[in-house]
1. Within the stretch B:14-50, how many residues turn out to be more than 29 Å from residue A:20 (Cβ to Cβ) and within 13 Å of chain A (Cβ to nearest Cβ)?
2. For the condition in contact with a strand residue (DSSP E or B) (Cβ under 6 Å, 6 or more places away or on another chain) and either under 27 Å from residue B:69 (Cβ atoms) or not acidic (Asp, Glu) (or both), what is the one hit in A:49, A:55, A:31, A:79?
3. Give all pairs with beta carbons closer than 7 Å in which a residue from the stretch A:24-35 that is over 15 Å from residue B:20 (Cβ atoms) and at the interface with another protein chain (Cβ under 7 Å from one of its Cβ atoms) meets a residue that is open to solvent by less than 70 Å² (accessible area, probe 1.4 Å) and of a type outside the set (Gly, Ala, Ser); count only pairs at least 6 apart in sequence or on separate chains.
4. So how many residues does the stretch A:72-95 have that are in contact with a Lys or Arg (Cβ under 8 Å, 6 or more places away or on another chain) and among the hydroxyl-bearing types (Ser, Thr, Tyr)?
5. Report the residue count in the stretch A:89-116 for those that are open to solvent by less than 60 Å² (accessible area, probe 1.4 Å) and in a strand (DSSP E or B).
6. Checking residue A:127 against (1) more than 10 Å from the chain's Cα centre (by Cα); (2) within 26 Å of residue B:45 (Cβ to Cβ); (3) open to solvent by less than 30 Å² (accessible area, probe 1.4 Å): exactly one of these is not met. Which one?
7. Kindly indicate whether any position in the stretch B:40-52 is of a type in the set (D, E, K, R) and open to solvent by 60 Å² or more (accessible area, probe 1.4 Å).
8. Considering only the stretch B:75-95, how many residues are touching a residue at least 40 places away in the same chain (Cβ under 8 Å) and either within 17 Å of residue A:49 (Cα to Cα) or at the interface with chain A (Cβ under 9 Å from one of its Cβ atoms) (or both)?
Amino acid sequence: MLNPDLVGRTFEGVTSTTISAESIAAFALALGEPETTLAPPTFAITISLEQSQSLLEGSGLDWNRVVHGDQKFVINKQLTPGMVITCNSTIESARVVAGNEIVTVRSDLLESGNVAVISWSTLVFRA
Amino acid sequence: MSTLKVGDVLPTKTYKINRASLIAYANASGDQNPIHQDEAFAKSVGLENVIAHGMYTMGLVGQYISNVAGSSSKVAEFSTRFTKPVVVPADVDVELHVSATVVEVSETSARLEVTALCNDVKVLGMTKAVIVI
């Protein structure tokens, strides 16, 4: 079970990601959109989910038991090639329902200190 | 984009999901969880068969919303609940039918509620988007 002391804490991303045209194009193509360098609305997940995984696995949760419950994006600025993004992750809530642990992580994708995209992932760790 | 009015029901679009498209999404997104690719593994953890990444299904709906908005750059908010898995048997194209209703329009934005169905079952719930108009 997640240490309740972690709820409300923000973990600042220590590495940055430079968004490439290739990564956007490949993601868009996989969704059926060829020849674009405009990030699809869900592209931020490629950055946020990896950080959430590393944070929650590091906190003792088993990623092999995870199911995606809810997802929300607020997009202030569309991600584009060349943007350098750091990702801060905050464990907003954690609760246990019928033995399943339900954790909501908010990820702030920052460019030069400004929030470009906020991603909320609610993840269910099955009992 | 034509003018959106509250109550407008936007045309349904159909997206095809198959094993090859799941592998393409896994490679592009980095989510290589074997439940989305490996039938034996999926069944070993109690699933009926391989299931689509929830984020793949949401991503296809994101394409629908981007098309309605005229560009992915006009999508300001997008949220969903993953209510039912999209089961993807081998050698089958599973059809995802996406439609939306306009529920609110302001001077600068429109709010949509989206329906996503596979085999007449809602696979996403409470799917909402705000687009800039």
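1. 7
2. Values: A:49 fails: in contact with a strand residue (DSSP E or B) (Cβ under 6 Å, 6 or more places away or on another chain); A:31 fails: in contact with a strand residue (DSSP E or B) (Cβ under 6 Å, 6 or more places away or on another chain); A:79 fails: in contact with a strand residue (DSSP E or B) (Cβ under 6 Å, 6 or more places away or on another chain).
A:55 is the lone residue from the list that is in contact with a strand residue (DSSP E or B) (Cβ under 6 Å, 6 or more places away or on another chain) and either under 27 Å from residue B:69 (Cβ atoms) or not acidic (Asp, Glu) (or both).
3. Within 7 Å, the pairs are A:27/A:40; A:27/A:43; A:27/A:46; A:33/A:40; A:33/B:63.
4. Pass one, the stretch A:72-95, residues in contact with a Lys or Arg (Cβ under 8 Å, 6 or more places away or on another chain): A:89-92.
Narrowing further to those that are among the hydroxyl-bearing types (Ser, Thr, Tyr): A:89-90.
Number of matching residues: 2.
5. Step one: list which residues in the stretch A:89-116 are open to solvent by less than 60 Å² (accessible area, probe 1.4 Å), which gives A:89-91, A:93-94, A:99-105, A:107-111, A:115-116.
Then drop every residue that is not in a strand (DSSP E or B), which leaves A:89-91, A:93-94, A:100-105, A:107-111, A:115-116.
Adding up the residues that qualify gives 18.
6. Just one mismatch for residue A:127, condition (3).
7. First pass over the stretch B:40-52, keeping only residues of a type in the set (D, E, K, R): B:43, B:48.
Right, trim to open to solvent by 60 Å² or more (accessible area, probe 1.4 Å) and you get B:43, B:48.
The answer is yes; a qualifying residue exists.
8. Number satisfying all stated conditions: 8.
The values are calculated or read from the model by the stated rules, or taken from the named source; none is laboratory data. Since the model is a prediction, treat every value here as computed from it, not as a measurement. Note that each Cβ is placed from the backbone with ideal geometry, even for glycine, and that neighbours are counted across all protein chains shown. The protein model used for the area step is the full one, side chains on, heavy atoms only, and it has no ligands, DNA or RNA in it. Shrake-Rupley method; radii C 1.70, N 1.55, O 1.52, S 1.80 Å.
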